[in-house]
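The values are calculated or read from the model by the stated rules, or taken from the named source; none is laboratory data. Model, not experiment: these values are computed from the prediction. Neighbour counts are summed over all protein chains in view; Cβ atoms, including those assigned to glycine, are modelled from backbone coordinates with ideal geometry. Remember, those area values only see protein heavy atoms, side chains included, never the ligands or the DNA or RNA. Shrake-Rupley method; radii C 1.70, N 1.55, O 1.52, S 1.80 Å.
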Amino acid sequence: ELISVPFLSPKEIIKVHLVVDEYIPPSFEAHTNWITYFVKAEGFDEWIEISPLSSPTTFNKQGEIIPKIINFNVPKPSIVATEHKFNYTPRPVQKLRFRAVFNRPVGGNFDSIIPLLKSYRMIMVPRG
């Protein structure tokens, strides 16, 4: 598991999405998310699962779409793309943390192989 330091924005953050460069070993099953990504507004407890912008649509264990874009404290439009999530906080969001959780298959020859996160970028959109 990797948890970043808080990333600070001089303005209120209203939207965030991820761009990642990852390596999944070819021996791993192709239709499984071996790295799970989250963001969290600093000062709040909830980690919000997020899917990288370039990844295919994925679903969590409850069968819900994992959003590619997280919105903070903006009005929800009447027509919303299914891959957006809207969060409302009692105060403006100015700091975000990133979290990546790494998994691998159990047993076999997988004890010495892990997925790699080569790089990541959290694209934070400020208000205004």
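For this structure, a couple of remarks:
- By definition, a body whose alpha carbon gyration tensor gives a ≥ b ≥ c is prolate when a/c is 1.5 or more and a/b is larger than b/c, and segment 1-48 fits this prolate description.
- Protein-only accessible surface order, largest first, of Y120, Y23, Y88, Y37 at 1.4 Å: Y88, Y23, Y120, Y37
- Computed about its Cα centre, the charge dipole of the chain is approximately 520 debye, with only Lys, Arg, Asp and Glu carrying charge at their Cβ.
- In this simple spin-label model, placing a label point 7 Å from the Cα along the Cα-to-Cβ direction at both L116 and S27 gives a separation of 1.6 nm.
- Heavy-atom accessible surface of the chain: percent carbon and sulfur, 1.4 Å: 55 percent
- Within the assembled protein chains, the solvent-accessible surface assigned to I24 is about 50 Å², based on a 1.4 Å probe.
- Largest accessible area first, the residues K40, K85, K61 order themselves as K61, K85, K40 under a 1.4 Å probe with ligands, DNA and RNA left out.
- Gyration tensor verdict on segment 58-104 (Cα atoms; rounded if a/c is under 1.5, prolate if a/b is larger than b/c, oblate otherwise): oblate
- Å² of accessible area per residue within the chain, as computed with a 1.4 Å probe and no ligands counted: 62 Å²
- When I70, I79, I114 are compared by accessible area at a 1.4 angstrom probe, the order from most to least is I79, I114, I70.
- Tail fraction, Cα-Cα pairs, the chain, threshold 24 Å, whole percent: 32 percent
- Paramagnetic reach from L2 in segment 102-119 [backbone N under 13 Å; point 7 Å along Cα→Cβ]: 102-103, 115-119
- Rounded to the nearest 10 Å², the accessible area of V5 at probe 1.4 Å: 100 Å²
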